[in-house]
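Working notes, beginning with the structure itself.
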Amino acid sequence: QSTWGFPNIPMADEQLSKNEMKKRAKAEKTAAKKAEKAELRAEQDATKPQKAAKPEAEEELDPTQYHQNRLKVVQDMGVQKAYPHKYHVNIAVPVLVHRYQDIDSGSVLESEVFRVAGRVMVVRVMGKLNFYDLIGEGTKIQIVCAVQDHTAGAESFDKIHSQLRRGDIIGVQGRVGKTKKGELSLFANDVTLLAPCLHMLPSEKGGGLTDVEVRYRRRYLDLICNHQRVRTVFEKRAAVINYLRSFLTQRRFLEVETPMMNMVPGGAVAKPFETYHNDLKQKMFMRIAPELYLKMLVVGGLERVFEIGRQFRNESIDMTHNPEFTSIEFYMAFADYNDLMALTEELLSGMVLSINGSYVVEYHANGHDQPPVRIDFTPPFRRIPMLPELEKLLGVTFPKDLDSEESITMLKGLLAKHDVTCSPPQTPARMLDKLVGHFIEVQCINPTFICDHPQLMSPLAKWHRDHEGMTERFELFINKMEYCNAYTELNNPIKQRELFEDQAKAKAAGDDEACGYDEEFCTALEYGLSPTGGWGMGIDRMTMLLSDTLTIKDVLLFPAMKPEGSD
């Protein structure tokens, strides 16, 4: 520029050469083309779907962000496509694995195409190969996906596999074979997302799902993450129930159902749950046992009946007690407690042998880090008469009238002497029960019958034909815990009324577990109850024993839990 700020204008001799002008024009044209291409590429990138993050990388995200990412996938797919109505499966995973587990390594059976479905538990990406561990009906099979096998082409392959994550439920079509390393696999030619898992599953690197609170509160998550261990427990539970049902139906027992809401809580010594029937304007009780109804059916001529069902008891929650639990009771006309002891030995020894494969059960009663307790179900089982054994162990002789002041004083003295706790009310029945638990039950590792209970402990049992003041009753103990309760049923309506009245007195004295007075049941007895044996067993405890679990919560799919956040 000149001193005055005007642009310098080249003189004639300073004009650009033609070659220079051509060069500059070409450069400007090239730059314009580059800019045009860059703009076009930017437009294409803006409309092209973003490449999904690798599954392994996403697992490092915050769970909230992971959830948002998965919701975005569903949104991009469209709800209809992300959650299809139906997927046709032509073979179950366990059947496929069982049928083809012996084929040769490195082979693929081209003759048949299979369609399976299940949940993805492991995702592995190796170059152009995607591997999934698929769990269907509790059985694992590897899914091998290669782009060249995908019938819909490479673009479809990339799209579907970019969407899949651990926990997703997918359908897979392909041919069965084995890898060169010998792993049975389904070599897929089509994969369909059936239900995405929107939450990050607990990391297997971190040990998976181990928090017991989460396991019990979210059993569905426990079944997903610990599928093999948890499923095995509940398969054993089902096996116990199926064996019991089969055993009894083969012996001409009829399975029945009785009411779960009662006007009088009876049939057991326990505190009931209360409810209210609005239409009847009547306080009612959830049943604590089906006993009285089942015996009324025997009165009516159903001479062999049983019921498997839930009972409800408003009592403490601990390692072996849950407010609702499952039991089985059966009643057998023209049988007594001796017949029931023999039947119990046959039933339980056969069940343990069938489910466990041996009469001997190894149970880690003291924890899985301690040696197991060896429990032998080989019949016959040991039998201990209750009162004579207690007298022998304590070195005393009880008064004939166990309800007398003399007896009550003696029992209180024995509790104090041996430091045995019995919370109020300290009735003779409750004090005897505590002493039996402290001195006799602890001996019972192998199945053992504690029998011939005092009448005041057994208001529904028939008096003993040989020992005055006793009843024809037994409880079966295994590893120091009660499993079965049975007796020759009391069928004298006059005596039954007297015993109900005694129970009413105990309830008035503060024993909220005493039996209620059921006049309708007494009336039924007046029509005639044949000599009958009655038997009951808790299914939850038997499942704990056979599945080697230490808490009842492990054998209940949805155990009772305190509200989250409560003390």
Exercise for review: With Cα extents along the principal axes in Å defined as stated, name the option among (i) 74, 60, 53; (ii) 99, 80, 57; (iii) 143, 69, 53 computed from the structure displayed.
Suggested key: (iii)
Exercise for review: Kindly flag which residue pairs out of LYS462/LYS495; LYS400/LYS505; LYS295/LYS400 have an alpha-carbon separation exceeding 19 Å in this structure.
Suggested key: LYS400/LYS505; LYS295/LYS400
Study note, to complete from the structure: Charge dipole of the chain built from unit charges on the beta carbon (Lys, Arg +1; Asp, Glu -1), centred at mean Cα; most positive-end Cα among GLY136, VAL123, LEU546 is VAL123
Check your understanding: Separation of the range 372-431 and the range 310-362 by C-alpha centroid, Å?
Key -> 23 Å
**Study point:** For THR471, residues with placed amide H under 5 Å, excluding near neighbours
**Key:** HIS453, GLN455, HIS464
Check your understanding: So which aspartates and glutamates can LYS553 reach, going by Cα to Cα under 13 Å and dropping same-chain residues fewer than 8 places off?
Key -> GLU213, ASP222, ASP318, GLU324, ASP540
Revision key, fill the gap. Phi angles of the range 140-156, converted by Karplus (6.51 cos²θ - 1.76 cosθ + 1.60, θ = phi - 60°) into ³J(HN,Hα) in whole Hz with x for Gly and Pro, give 9, 9, 7, 10, 10, 10, 10, 4, 5, 8, 6, 5, 8, x, 5, 5, 5
Review point. Could you give the dipole magnitude of the chain about its Cα centre, charging the beta-carbon of Lys and Arg +1 and that of Asp and Glu -1, in debye to the nearest 20?
Key: 3340 debye
Point to revise | Solvent accessible area, Å² - MET470, 1.4 Å probe, full protein context | key: 30 Å²
Check your understanding: Of THR448, SER530, VAL79, which is farthest along the charge dipole of the chain in the positive direction, counting Lys and Arg as +1 and Asp and Glu as -1 at C-beta?
Key -> VAL79
Check your understanding: When all protein chains stay in place, what accessible area (Å², nearest 10, 1.4 Å probe) is found for LYS22?
Key -> 150 Å²
Review point. In sequence order, what are the phi-derived ³J(HN,Hα) couplings for the range 59-72 according to the Karplus relation 6.51 cos²θ - 1.76 cosθ + 1.60 with θ = phi - 60°, rounded to whole Hz, with x for glycine and proline?
Key: 5, 8, 6, 5, x, 5, 5, 4, 4, 5, 4, 5, 4, 5
**Study point:** Amide H within-cut-off set for HIS364, under 5 Å, with H built and near neighbours excluded
**Key:** VAL373
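Over 19 Å between Cα atoms, which of LYS392/LYS417; LYS140/LYS178; LYS72/LYS140 qualify? All intermediate terms of the calculation are to be shown ahead of the outcome.
Numbers: LYS392/LYS417 16 Å; LYS140/LYS178 14 Å; LYS72/LYS140 29 Å.
Long pairs (Cα-Cα over 19 Å): LYS72/LYS140.
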Point to revise | Euclidean distance between Cα centres, the range 255-309 to the range 485-533, Å | key: 14 Å
Study note, to complete from the structure: With the 8 Å Cα cutoff and a minimum separation of six or more residues, the chain has a relative contact order in percent of 12 percent
Exercise for review: Starting at the first residue of the range 455-464, write each ³J(HN,Hα) from the Karplus equation 6.51 cos²θ - 1.76 cosθ + 1.60 with θ = phi - 60°, in whole Hz, x for Gly and Pro.
Suggested key: 4, 5, 8, 9, x, 10, 9, 7, 4, 6
Exercise for review: Sequence neighbours fewer than 8 away in the same chain don't count; with that in mind, list the lysines whose C-alpha is under 24 Å from LYS26.
Suggested key: LYS18, LYS34, LYS37
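The values are calculated or read from the model by the stated rules, or taken from the named source; none is laboratory data. Predicted model, so just to flag it, every value in this text is computed and none were measured. Using ideal geometry, Cβ is built from the backbone for each residue, glycine included, and neighbour counts are taken over all protein chains shown. Quick note on the areas: whole protein, heavy atoms, side chains included, nothing else; ligands and nucleic acids left out. Shrake-Rupley method; radii C 1.70, N 1.55, O 1.52, S 1.80 Å.
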